[in-house]
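For reference, the structure is listed below as structure tokens.
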Amino acid sequence: MKNVILELTRIVQNVALVESLTEQVTVIVNSISEVIDADVCSLYRLKANQSMQLVASHGLQCSSDLTIPAGKGLVGLVAKTRHPINIANAHKHPDYFYAPQAHEEQLKGFCGVPLVRAGEVTGVLVVQSHRAKVLGKEKEAFLVTLASQLALLLTNLPNQQKPTTTNLRVAGVKGAPGLAIGTVRFVTMAALKNVPDAPCDNIEESIDEWRDLLTRVKMDISAEQQALSGELAANVSSIFDAYQMLLSDPSLNEKVEMEIRAGHWLPGALKIAIHFFSELFRAMDDPYLKARHEDILQLGDKLFHAWSGHEKGVEALSINEPVVLVGSQVSISQIASIPLEKLAGIVCFEGSSLSHTAVVANALGVPAVMGVGNVKELNNGEQAIVDGNEGAVILKASDAIVREYQTFIGQQRQVASQLTELRDKPAQTTDGQRIRLLTNTGLLADITPGLKNGAEGIGLYRTELTFMVSDSFPSEQEQIEAYQRVFEAYGDKPIYMRTLDIGGDKQLPYFPIENEENPALGWRGIRFSLDNVQLLMTQVRAMLRAAEGAENLHIMLPMVSAIEQLDSFRALLTDACQQLRGEGHQVIQPKVGMMVEVPAAISQLPLWKDRIDFVSIGSNDLSQYLLATDRNNAHVAGLFDHLHPAVLHEVKRTVDAARDCQLPLSLCGEMGSDPAAVVLLIGMGVRTLSMSAAKLPHIKSLIRGISCQQAEQLLAEAMTMTSSRQIRQWVNSAIAG
Ligand code: PEP
Ligand code: MG
């Protein structure tokens with residue numbers, strides 16, 4: 001056998017040439033038989049009933065579907081022992097199972113290796129030969145190596161179940177919660193990505209045409225924005241603003257002009273520019289920013305439509321029944337073109353839960369499911385049930401299922417109206433303790449939903465976004481404008497602005513931090529900012545100027561791990577205030593605090609207390625560092641839990657230390673929106689929580705249903721427990737009953 005790595009690379013390359021997963025597994029079994037010179041190579045998948053289903057084979061001539069019953073045969077034995085079986089005379093083995101439809105009488109040599117994913121066997125890869133021989137050690141090792149790659153592919157392989165005629169459930173990703181039943185209405189757009197390139201006839205004319213187009217589309221977007229009324233306008237406005245911002249961004253303008261000057265006709269130049277910017281976002285690690293590439297693609301399609309003269313999402317059909325909008329991507333204009341009371345749900349073939357379509361659907365309270373793939377059973381005019389709670393769509397539902405969902409929907413409406421009534425009610429426990437609920441924001445589309453859901457201020461403003469949507473470090477003036485929008489929206493409510501927190505999983509396209517072996521432990525947060533003090537000075541000046549005359553600015557430092565960082569920042573802040581006062585600005589010295597994210601900070605709080613005015617627990621990073629578990633790594637996702645007893649103990653230690661030092665404390669990680677965690681935090685004495693806007697009403701409703709005394713009792717019990725699962729079950733069952 002030739003070089004294993006080379007062979008593996010070759011197989012991977014061949015696989016990449018075919019698109020469907022079914023074709024990919026066929027390429028794999030064919031390639032394996034060729035590389036190791038086997039007569040037969042087959043791939044079996046473990047089904048829910050523990051039987052093994054043949055999904056691809058080179059060499060087996062099956063007259064019908066081949067499924068080996070649960071625990072039977074050598075294939076079953078490989079799965080059971082989780083160990084390769086490599087023997088010369090399979091037919092003499094006591095576990096040999098003869099499947100007549102496989103016509104394998106002649107096969108003697110057998111080598112089977114298990115496919116394992118996340119600790120569970122998912123299938124078996126088998127090679128067989130006519131000759132009675134044991135497969136060579138090198139070849140067996142090759143199969144084992146390949147099997148670890150194959151396991152992933154197998155998980156994603158579509159189920160080859162017989163098509164169901166009723167209650168077809170299509171799984172996607174949760175976009176926006178809720179349930180809805182409606183009639184499918186497809187929305188299509190000729191995508192810019194399909195436009196062919198062509199030479200430009202007249203460069204100057206094309207550039208004029210481009211500038212014209214930009215002005216026209218900006219006006220269209222303003223008109224659409226204005227046409228939206230009431231609640232819809234307030235929620236979606238910031239997304240339209242984001243489009244306007246992209247359109248006004250000189251880099252887009254310049255890139256299109258540059259491509260026209262390079263000889264491309266306008267649609268071709270636009271296609272190149274849109275591709276360039278959307279890829280910049282797609283390459284980002286931060287999932288929110290990654291999802292922004294779709295907005296850029298949608299904007300590209302919008303520009304192209306306007307250029308080709310037929311912009312309109314949903315045809316102006318008379319809409320008398322609830323509609324489920326379905327498309328590859330459903331644009332904001334398409335959503336806006338349906339009367340809100342008729343918009344039952346949204347289903348997108350592409351996209352993630354962080355797509356703007358999902359953000360808008362959340363803001364509007366319209367259930368949405370994203371990323372369902374190309375579902376051929378979705379037909380225009382047919383009924384669909386959108387289950388945004390589970391991230392699924394049910395097609396061809398039977399009457400009984402429709403009735404069931406109608407009942408759920410009725411119950412859901414009742415709960416929703418109760419939650420809306422809570423908006424202006426205080427978050428107060430049954431024994432009268434007020435809990436301050438703030439919102440996390442920093443994302444363009446996120447500013448207003450917090451207010452709408454009754455946030456009492458911003459507990460975490462992530463400034464990174466202003467930096468990430470730019471193509472170079474934003475100037476002081478650009479930052480002032482971005483921050484001013486926040487002060488305008490929130491008036492004199494408290495605003496906690498965090499200084500730039502890049503590095504780790506948040507990268508700037510124009511300042512990549514590379515070659516770090518452990519980015520999460522590397523040049524990030526306040527470490528990066530203090531080393532790039534010119535950027536920090538500009539940012540602090542911008543914050544102070546945006547808040548000129550206001551007393552509600554709080555500056556929060558991320559990733560603090562040493563007292564010197566606090567001292568350096570204080571010195572810089574004093575300098576910034578002096579500079580600005582010297583320039584005639586009315587600067588009010590803001591309060592300065594730090595996030596408790598690095599575990600080292602916990603024991604040091606009493607020693608640092610004179611340097612800070614408040615602390616905020618960043619439970620996401622704190623859990624990551626306490627548990628040594630990357631918060632973005634799917635392989636260890638099961639280990640990442642802020643209800644881990646060790647995390648609870650450290651959070652409690654922080655709360656106690658802050659109380660002893662009389663430092664105001666809040667919590668702004670995801671823990672603050674997890675109901676079980678919220679109960680325990682209240683039990684610890686946490687009185688300020690900051691969370692994403694969508695979670696606010698539920699958390700408020702939870703708080704209004706418990707007492708501090710009950711929370712303290714639950715905490716006392718939870719602190720004696722040894723596993724997060726046990727703690728979660730205990731608290732959840734206590735609050736449910
Ligand atoms: C945290 O770490 O808990 C936090 C709120 O910060 P971020 O999620 O932005 O890292
Ligand atoms: Mg953090």
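At-a-glance table
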{"item": "Thr538, sole failed condition from (1) in contact with a helix residue (DSSP H, G or I) (Cβ under 6 Å, 6 or more places away or on another chain); (2) among the hydroxyl-bearing types (Ser, Thr, Tyr); (3) touching a residue at least 40 places away in the same chain (Cβ under 8 Å); (4) within 15 Å of ligand 1 (Cβ to nearest atom)", "result": "(4)"}
{"item": "Unique residue being farther than 30 Å from Gly705 by Cβ and of a type outside the set (Asp, Glu) when the list is Pro645, Pro675, Pro590, Pro664", "result": "Pro590"}
{"item": "Search result, residues across the range 176-202 that are in contact (Cβ under 8 Å) with a residue 60 or more places away in the chain and assigned to a helix (DSSP H, G or I)", "result": "Leu192, Lys193"}
{"item": "Qualifying residue in the range 695-717 (condition: assigned by TED's automatic domain parsing to the domain that holds Ser619, within 16 Å of ligand 2 (Cβ to nearest atom) and under 29 Å from the mean Cα position of the chain (by Cα))", "result": "no"}
{"item": "Some residue of the range 378-390 being outside the structural domain of Ala176 (by TED's automatic domain parsing), touching a Ser or Thr at 6+ places or on another chain (Cβ under 8 Å) and either open to solvent by less than 30 Å² (accessible area, probe 1.4 Å) or not small (Gly, Ala, Ser) (or both)", "result": "no"}
{"item": "Pairs with Cβ under 7 Å, 6+ apart, first in the range 134-152 and on the phi < 0 side of the Ramachandran plot, second assigned to a loop (DSSP other than H, G, I, E, B) and open to solvent by 60 Å² or more (accessible area, probe 1.4 Å)", "result": "Glu138/Met1; Lys139/Met1; Phe142/Met1"}
{"item": "Given (1) in contact with a helix residue (DSSP H, G or I) (Cβ under 6 Å, 6 or more places away or on another chain); (2) more than 13 Å from ligand 1 (Cβ to nearest atom), number of the condition Lys591 does not satisfy", "result": "(1)"}
{"item": "Helices (runs of 4 or more DSSP H) contained entirely in the range 232-333, each with at least 1 residues that are touching an Asp or Glu at 6+ places or on another chain (Cβ under 7 Å) and modelled with pLDDT under 90", "result": "250-261, 266-282, 293-308"}
{"item": "Qualifying residues in the range 425-456 (those that are in a strand (DSSP E or B) and among the β-branched types (Val, Ile, Thr)) - the one nearest to Asp501 (Cα to Cα)", "result": "Thr441"}
{"item": "Residue among Gln604, Gln624 that is of a type in the set (S, T, N, Q), within 26 Å of Ala520 (Cβ to Cβ), in contact (Cβ under 8 Å) with a residue 24 or more places away in the chain and more than 16 Å from ligand 2 (Cβ to nearest atom)", "result": "Gln604"}
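Residue by residue, here is whether (1) at negative phi; (2) more than 16 Å from ligand 1 (Cβ to nearest atom) holds:
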site: Leu438; (1), (2): yes, no
site: Gly442; (1), (2): no, no
site: Lys452; (1), (2): yes, yes
site: Ala455; (1), (2): yes, no
site: Thr463; (1), (2): yes, no
site: Ser472; (1), (2): yes, yes
site: Ser475; (1), (2): yes, yes
site: Glu481; (1), (2): yes, yes
site: Gln484; (1), (2): yes, yes
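The values are calculated or read from the model by the stated rules, or taken from the named source; none is laboratory data. What you see is a predicted model; the values in this text were computed from it and never measured. As a convention, Cβ positions derive from the backbone with ideal geometry for all residues, glycine included, and neighbour counts pool all protein chains shown. Note: accessible area is taken over every heavy atom of the protein model, side chains too, but ligands, DNA and RNA are not part of it. Shrake-Rupley method; radii C 1.70, N 1.55, O 1.52, S 1.80 Å.
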